[in-house]
Structures are given as structure tokens and as C-alpha cells.
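Enquirer: Encoded as C-alpha cells, here's the structure I'll be asking about.
Bear in mind that the values in this text are calculations on the coordinates, not laboratory data. Computed from a predicted structure; not experimentally measured. Here the Cβ is made from the backbone with ideal geometry for all residues, glycine too, and neighbour counts use every protein chain on show.
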Amino acid sequence: MALSGEERLAPGGADGRIFASPLARRLAKEGGLDLVAMKGSGPHGRIVERDVKAALAAGPRPVASGPLLEAPAGMSDAVVRQLFAPGSFSEIPHDSMRKAIARRMTEAVRSIPHFTLQTDCEIDALLRLREDYNSAAPLGADGKPEWKVSVNDIIVKAMALALQTVPDANVTFTQTAMLKHKSSDVGVAVSIPGGLVTPIVRNAETKSFRAIATELKDLARRARERKLKPNEYEGGSTAVSNLGMFGVKTFAAVINPPHATILAVGAGEERVVAKNGAPAVATIMSVTLSVDHRAVDGALGATLLAEFKRLIEHPAVMLA
């Protein structure tokens, strides 16, 4: 069967030999590069020095065990710039944060087999509880309430408790073993200038709404000031990304390694629903759970999401 233009066999003769110059072979050996995975630019496809140097500069490539089928490469910077008229754009060089985000998200999409699960949560009881909880806050010396819990703070608590109820989903996948976590360490996506960071609320299942709200407020402030310590944003087994405050109804988030799941939260909005066979108005919040299929299977992910929904719709049980 003929290969398409986006697929190619590794260069070589009919007897499997690789056509490469002696210098190219030496450089490849010194750099740990497999010539089978390369395409030569020399005469008749011969691999030459410049090919090896370019491959080494591009970073490590997988060792091939047979004919290599390559995915099509993305457009080069030069090609992209040619698509736009000169002077019609300005260039903003990537800072280290944007480079790190791009690298980690590319790694996540390429290496983690994602699947998503979605459900709708009725949050009228949650909104009432939040209002009562905040109204009970005493005034501080500055005359302001000592705490103000957000819907997102309650969502973090619900996700943490759901992982305790469904512990097989509170995991991290490694190549040799599954790491099953004892505590629920929940990351919360925080937008900052130039990108985002995900500080971790450790042992979130043991903390009150007030404690989570206070901790997240401090973490978010220091994240925007870029004063977080590595242990405050590394690790965790899940994360919450909430775009509801922007009016986003539903979306799916990319899993941030080493997490096995991430919960994408949309806006709460009044919708007409059926109750006892009659139409009624309820405040509904759509959530989407992205799952690493290597670590959590479909039924287990669905069980986790169902437990989260139960807690959100009966929030008083989280006060026990």
C-alpha cells in the first residue's frame, strides 16, 4: 500500500542500509540519535552533517524499531508570518511562563488519553447555604465580614470529599504503578498576567468552607504577585477550572500532569426543568470532568462525577 504525502518510510536501501556520511554517523552516535528516524537532505536522500545537527538541536526523538510513520510537522514561524501582511501585527516574545504552559499542555494532549463526562447540577440549595453561611460571618476590626465564601470554594470542598468517597479515582498514573493518594489535594486554576498557575489546596477534604476561601484568596494573591513557592503549585491529583464568572456555559479542560482529572465549571443560570412532571425554574450549573483514561476508567469517572453532583445538590452534608 502506498504511503500518503504525510507519511514516509525511513531512508535506506532495499537491504535496509541507512545512507549517511561517516561524519553524520559519528555525530549521531555521540548524540544518541537513531538515524532510522531521519530524512536526509543530501544527494539521493543521504543523511549528512547538517541533518544530524538539526535533529540534535530539535531535541530527543524516539528510537524506531522499524519503518517510521511521522505525523505532519506544524508550520514554521517563517511560514506563519508570511500569512499576514508586514506591519499588520506586533510580536510579543514568549516569556518563561508561556513557554512552560505551552510545553506542559502539549505534553498533556500528546501523552494523556483524555475522555470527558458532563452533568448538570442544581445549585439553588448551595446558593442558599452560601448566603446563610456568609451572613453569619462576624465583622472584623475593619468593619468587614471575616470571611466571604464563593461558589468556587464550595466546589473545591465537594471535589475533595468526592475523591475521598471514590478513592480509586484519587490517583496518579506512572509507568510502573498507580499512586493512590490518601488526602485530596485540589489544584485551582488562577489566571495571572501572561498565563495561569494552579496552586494546590492541600488536604481540602479536612478544611471548612471558610478555611478554603481564606487559603485560596491568599494563594491567588501571591500567584498574581508571582510569589508562590514550588510546593504550593506542584503535585495534587485533581484540579478545578471555573470560567463561570465569564459567562461560559460549558467547556472541557486539559488535564495538568500529574493530575488524573480536572473539573471544568460553567456558569450557574436559571433554566426550565421538569419537577414532578411539571415545568419549574432552577439554577443549573454544567460541569465537565476530563479524565486520564490510563488511571480512571469510564464507570469510575462517572461514579466520581455522580458523587460530586450529590454533594453540590445537598451541600449541608459538607458541613458535618
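Enquirer: Output the pairs from K207/K275; K144/K207; K144/K229 with a Cα-Cα distance over 26 Å in this structure; if there are none, say none. Provide the component values of the computation, followed by the final result.
Expert: Values: K207/K275 34 Å; K144/K207 22 Å; K144/K229 29 Å.
Going by Cα-Cα distance, K207/K275; K144/K229 fall outside the 26 Å limit.
Enquirer: Which value at 222 nm does the chain reach when only helices count, each DSSP H run of 4 or more adding -39,500 (n - 2.57), with the total divided by all residues and rounded to the nearest 500 deg cm²/dmol? Before the final figure, lay out the partial values.
Expert: On the way: 8 runs with 100 residues, N = 320.
Roughly -10000 deg cm²/dmol at 222 nm, from the helical runs in the chain.
Enquirer: Separation between the E30 and Q164 pseudo-spin-labels, each 7 Å from Cα along Cα→Cβ, expressed in nm?
Expert: 5.9 nm
Enquirer: Next question, about the same structure. What number, in nm² with one decimal, is the all-direction average of the projected area of the convex hull of the alpha-carbon atoms of the chain? Show your work: numbers first, answer last.
Expert: Numbers: hull surface 102.0 nm².
Hull-based average projected area comes out at 25.5 nm².
Enquirer: If packing is taken as the average count of other Cβ atoms within 10 Å, what order do 172-179, 187-194, 150-157 fall into, highest mean first? Could the numbers behind the result be given before it?
Expert: Numbers: 172-179: 11.4, 187-194: 17.2, 150-157: 22.9.
Most protected by this proxy first, the peptides run 150-157, 187-194, 172-179.
Enquirer: Gap in Å between the Cα centre of region 171-188 and the Cα centre of region 190-252?
Expert: Centre-to-centre (Cα) distance: 18 Å.
Enquirer: Would you kindly state how much longer the chain becomes between L56 and V248 on full extension, computed as 0.36 nm times their sequence separation minus their alpha carbon distance, in nm to one decimal?
Expert: Details: separation 192, 0.36 × 192 = 69.12 nm, distance 4.30 nm.
Once the chain is fully extended between L56 and V248, it gains 64.8 nm.
Enquirer: If you rank H259, H44, H94 by fewest surrounding Cβ atoms within 10 Å, what's the result?
Expert: Working: H259 24, H44 8, H94 12.
Fewest to most other Cβ atoms nearby, the residues stand as H44, H94, H259.
Enquirer: Continuing with this model, one more query. Tell me, in nm to one decimal, what length is gained between A302 and A280 on full extension, where the rule is 0.36 nm per residue of separation less the Cα-Cα distance? If you can, show how the numbers build up before the last one.
Expert: Details: separation 22, 0.36 × 22 = 7.92 nm, distance 2.67 nm.
Roughly 5.3 nm would be gained on extension.
Enquirer: Can you check what the net charge comes to around R202, using other residues whose Cβ is under 12 Å from the Cβ of R202 (Lys, Arg +1; Asp, Glu -1)?
Expert: Cβ neighbours under 12 Å give a net charge of -3.
Enquirer: Tally the DSSP beta bridges in region 100-319 and give the antiparallel ones as a percent, rounded to 5.
Expert: Numbers: 31 of 37 bridges.
If I count the DSSP bridges inside region 100-319, around 85 percent turn out antiparallel.
Enquirer: Using 7 Å Cα-to-Cβ label points, what is the R294/L179 separation (nm, one decimal)?
Expert: 1.3 nm
Enquirer: Could I ask something else about it? Could you rank the peptides 233-243, 101-111 by their average count of other C-beta atoms within 10 Å per residue, with the highest value first?
Expert: Answer by packing, highest mean first, reads 233-243, 101-111.
Enquirer: How do the peptides 132-138, 303-309 rank, highest first, by the average count of neighbouring beta carbon atoms within 10 Å per residue?
Expert: Numbers: 132-138: 12.1, 303-309: 20.4.
The most tightly packed comes first, giving 303-309, 132-138.
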